[in-house]
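Asker: Would you mind keeping the following structure in view while I ask a few things?
The values are calculated or read from the model by the stated rules, or taken from the named source; none is laboratory data. The model shown is predicted, which means the values in this text are computed figures rather than measured ones. Please note: Cβ atoms are built from the backbone with ideal geometry, for glycine as well, and neighbour counts cover all protein chains shown.
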Amino acid sequence: MARSARLAALLTLWSVAFLIFAFSFSSDWAGTWRKVGVSPLSPPFADLYVIPTAIETLHEGGDPLLANPADPYHRPMNYPRVWLYLFSAARITRENVWMVGLLFSIFYLACISFLILQARHAVDTGIILLAGLSAAPMLGLERGNNDLLVFSLVFLACAVTNKRLKAGLLGVAGVLKIYPIAAMVANAVRQQKKERLFAALLTAVVIIVVLLQWHDLRLIAAGTPAYRVKSYGVLALQQELLFDTYQWGFLIGPGWILVLVSWLAGGLAVVKAWQTPGEIDASIQNSSFLEMFCIFGGTYVFTYAVGGNWDYRLILLLPTLPLALQIARGSRHRTWGLVYLALVGLAENSVRYEEAGGTMVGHAATFTLFIMLLTMLTRLHKISLFPADASPQMLRHSAPMETI
C-alpha cells in the first residue's frame, strides 16, 4: 500500500505541476495562477526577471543593487552580485530566463519527490504531497524565485553522505543567498570533532566572504522592504501588529519593541528547553530524517529571527515534515508533533485566505512554529553537544546520526 501511495503521489505531483505550467504558457499566465491561489506578477517568473534586467542596468553604467530602472517594477536587485556573474556567463537574458525558472521548479519538485519516496506510510505521502503543492511553494514556482535553487542545494547537502561535500554544498548555498549560513552552523554542531572543525572553518570562511560585501549587504537590506502580507518573520509580524492596532484605533508602541519581544520570547524558549530535564525518544535521535529537521528547522528559525521573508521561503519547513510525522506517531512527544503538522499546514496555505483573516493566522502560525522549533532544536543540540548529559537509557539506544 505504501509503495502504491508513493507512486500515486509522484504522479500527482508532477502532473499537477505540468498542467499548471502548460496552461500558464499556452493560455493565461495570471489567470492560471490565480486559480491555484497565487497572486501572479507579470512577466512570468518575475523574481528571476530582475537579474537579467540588472545586467542590462550594469552595462548602462548603473548599479542594479542601488537602482534597476530596466526592471518592469523598477526593483533593485536584492541578491549578492554573484548572480550577475552567473547569469552573464550563462548568457541568460529576458528572452530565455523562463528556462531557468522551469529548471529551478524541476529542482524543487525533485526534492519533494525524494521526500515522497522516503515516506514509510501511505498517509505520510499524502501529507507531503499536499504540503509540496500548497500555496507557499506555488508562490515560489510562479515567481521563479532563486530560493528554489538554494533550497535544492541545501536539500542535496542533507542527502549526500560525504561530510566534506555536504559542507561544501552548504557553503555554495550560503554564498548565493546568505541565510543558508544558518544551515552551515547547524551542520557543524551535529558533526563529530574532526568533521566539526572542518565544517566550522568553512562556515567562518563563508561568513568572511559575506562580510567583505558589507556595502552590498546594506544595499540588499535596503532593497528588501518588510511587508505584512505574504510574508513571515519578526519584521513582517511587526508590520502586521502595527497595522492592526492602528486599524483598531491605537498604537501598540515603537516597532522595535515588538521585534525585541519576539527575540525575548525565543530566548526564553531556548533557556527553558535547555534547563528542562527529560529524554528525547531514541527513535528520534536515530532517525534518518533528523539531519534534515535540524538543518532546515535551524534555517527557518534564523530567517524568522532576522527579518521579513516572502512566504515562498516557507518551503524550508517541508523537509522537517518526515521527522514531525515520526514524532506524531510516538507517545512521548505526540502532541508536539500533531500541533507542529497542523501549524505547518496553516502557515503554508495562509496566503490563499489573505482577505479572510489568513494574514494574521499565518503570522500566528509562523511565530508559534518559530518557538516550537527553537525548543525542539535546543533539546536535540544539547544531546548532540553534551551526550554525557543524556540519560543512560538514551546512550544505550543512541547510534551515530547519519544522513538519509
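Asker: Within segment 270-281, identify whether any single residue is closer than 30 Å to LYS177 by Cα and surrounded by 20 or more Cβ atoms within 10 Å (Cβ to Cβ), and answer yes or no.
Answerer: Checking segment 270-281: not a single residue is closer than 30 Å to LYS177 by Cα and surrounded by 20 or more Cβ atoms within 10 Å (Cβ to Cβ).
Asker: Please enumerate the residues belonging to segment 179-236 that are more than 22 Å from the chain's Cα centre (by Cα) and of a type in the set (Phe, Trp, Tyr).
Answerer: PHE198, TRP214
Asker: Which residue is nearest to LEU117 (Cα to Cα), if the candidates are limited to segment 1-23 and must be modelled with pLDDT of 95 or more and hydroxyl-bearing (Ser, Thr, Tyr)?
Answerer: Out of the qualifying residues, it is THR12.
Asker: Name every residue in segment 337-353 that is of a type in the set (A, V, I, L, M, F, W, C) and either over 15 Å from SER231 (Cα atoms) or more than 17 Å from the chain's Cα centre (by Cα) (or both), in order of residue number. First the steps, then the outcome.
Answerer: Restricting attention to segment 337-353, the residues satisfying the condition of being of a type in the set (A, V, I, L, M, F, W, C) are 338-339, 341-344, 346-347, 351.
Correct list: LEU338, VAL339, LEU341, ALA342, LEU343.
Asker: Return the only residue of ALA46, ALA67 being within 20 Å of VAL351 (Cβ to Cβ) and either surrounded by 13 or more Cβ atoms within 10 Å (Cβ to Cβ) or in contact (Cβ under 8 Å) with a residue 12 or more places away in the chain (or both).
Answerer: On the way: ALA67 fails: within 20 Å of VAL351 (Cβ to Cβ).
Within the list ALA46, ALA67, the selection yields ALA46.
Asker: Moving on to the next point. Identify the residue in segment 347-377 that is among the charged types (D, E, K, R) and at pLDDT below 95 and, among all such residues, is farthest from PRO277 (Cα to Cα). Steps first, answer last, please.
Answerer: First, pick out the residues of segment 347-377 that are among the charged types (D, E, K, R): 348, 352, 354-355.
Checking the rest, the ones that are also at pLDDT below 95 come to 352, 354-355.
Numbers: ARG352: 40, GLU354: 41, GLU355: 43 Å.
Looking at residues that are among the charged types (D, E, K, R) and at pLDDT below 95, I get GLU355.
Asker: To continue, here is another question. All but one of (1) at pLDDT 90 or above; (2) in a helix (DSSP H, G or I) hold for VAL229, so report the exception by its number.
Answerer: (2)
Asker: For segment 79-105, which positions are among the small types (Gly, Ala, Ser) and over 20 Å from the mean Cα position of the chain (by Cα)?
Answerer: First, the residues of segment 79-105 that are among the small types (Gly, Ala, Ser): 88-90, 101, 105.
Within segment 79-105, SER88, ALA89, ALA90 qualify.
Asker: Among the residues of segment 378-404, how many are assigned to a helix (DSSP H, G or I) and either modelled with pLDDT of 95 or more or more than 29 Å from LEU156 (Cβ to Cβ) (or both)?
Answerer: Result for segment 378-404: 8.
Asker: State whether one or more residues within segment 239-249 are closer than 27 Å to TYR79 by Cβ and crowded, with 17+ Cβ neighbours inside 10 Å.
Answerer: Of segment 239-249, the ones closer than 27 Å to TYR79 by Cβ are 239-240.
Going one step further and asking which of them are crowded, with 17+ Cβ neighbours inside 10 Å, we end up with 239-240.
There is at least one residue in segment 239-249 that is closer than 27 Å to TYR79 by Cβ and crowded, with 17+ Cβ neighbours inside 10 Å.
Asker: Does ILE208 satisfy the criteria of being assigned to a helix (DSSP H, G or I), among the β-branched types (Val, Ile, Thr), surrounded by 16 or more Cβ atoms within 10 Å (Cβ to Cβ) and out of contact with any helix residue (DSSP H, G or I) (no Cβ under 8 Å at 6 or more places or on another chain)? Write out each step before concluding.
Answerer: Numbers: assigned to a helix (DSSP H, G or I): yes; among the β-branched types (Val, Ile, Thr): yes; surrounded by 16 or more Cβ atoms within 10 Å (Cβ to Cβ): no; out of contact with any helix residue (DSSP H, G or I) (no Cβ under 8 Å at 6 or more places or on another chain): yes.
When the stated conditions are applied, ILE208 does not pass them.
Asker: Return the residues of segment 104-126 that are hydroxyl-bearing (Ser, Thr, Tyr) and surrounded by fewer than 22 Cβ atoms within 10 Å (Cβ to Cβ); say none if nothing qualifies. Spell out the reasoning first.
Answerer: So the first thing to find is which residues in segment 104-126 are hydroxyl-bearing (Ser, Thr, Tyr), and the list is 105, 108, 113, 125.
Hits for segment 104-126 are SER105, SER113.
Asker: Report, by residue number, each residue of segment 1-18 that is surrounded by 11 or more Cβ atoms within 10 Å (Cβ to Cβ) and under 16 Å from ARG120 (Cβ atoms).
Answerer: Of everything in segment 1-18, those that are surrounded by 11 or more Cβ atoms within 10 Å (Cβ to Cβ) and under 16 Å from ARG120 (Cβ atoms) turn out to be ALA2, ALA5, ARG6, LEU7, ALA8, ALA9, LEU10.
Asker: Which one of PHE198, PHE151, PHE155 is surrounded by fewer than 16 Cβ atoms within 10 Å (Cβ to Cβ) and in contact with a helix residue (DSSP H, G or I) (Cβ under 9 Å, 6 or more places away or on another chain)? Walk me through how you get there before you give the answer.
Answerer: Working: PHE151 fails: surrounded by fewer than 16 Cβ atoms within 10 Å (Cβ to Cβ); PHE155 fails: surrounded by fewer than 16 Cβ atoms within 10 Å (Cβ to Cβ).
Within the list PHE198, PHE151, PHE155, the selection yields PHE198.
Asker: Tell me, please, whether a residue that is closer than 18 Å to TRP33 by Cα and out of contact with any Pro (no Cβ under 6 Å at 6 or more places or on another chain) can be found in segment 113-125. Show your work before the answer.
Answerer: Filtering segment 113-125 down to residues closer than 18 Å to TRP33 by Cα leaves none.
Scanning segment 113-125 turns up no residue that is closer than 18 Å to TRP33 by Cα and out of contact with any Pro (no Cβ under 6 Å at 6 or more places or on another chain).
Asker: In the list LEU268, LEU318, which residue meets the criterion of being at pLDDT 85 or above, touching a Pro at 6+ places or on another chain (Cβ under 9 Å), farther than 19 Å from ALA236 by Cα and not small (Gly, Ala, Ser)? Steps first, please.
Answerer: On the way: LEU268 fails: touching a Pro at 6+ places or on another chain (Cβ under 9 Å).
The unique qualifying residue is LEU318.
Asker: Another one. So in segment 282-293, with the set limited to residues that are farther than 17 Å from THR368 by Cα and under 23 Å from the mean Cα position of the chain (by Cα), which one is surrounded by the fewest Cβ atoms within 10 Å (Cβ to Cβ)?
Answerer: Our first condition is that a residue be farther than 17 Å from THR368 by Cα; within segment 282-293, this holds for 282-292.
Restricting the remaining residues to those that are under 23 Å from the mean Cα position of the chain (by Cα) gives 284-285, 287-292.
Numbers: ILE284: 22, GLN285: 19, SER287: 18, SER288: 15, PHE289: 23, LEU290: 21, GLU291: 22, MET292: 25.
It comes out as SER288.
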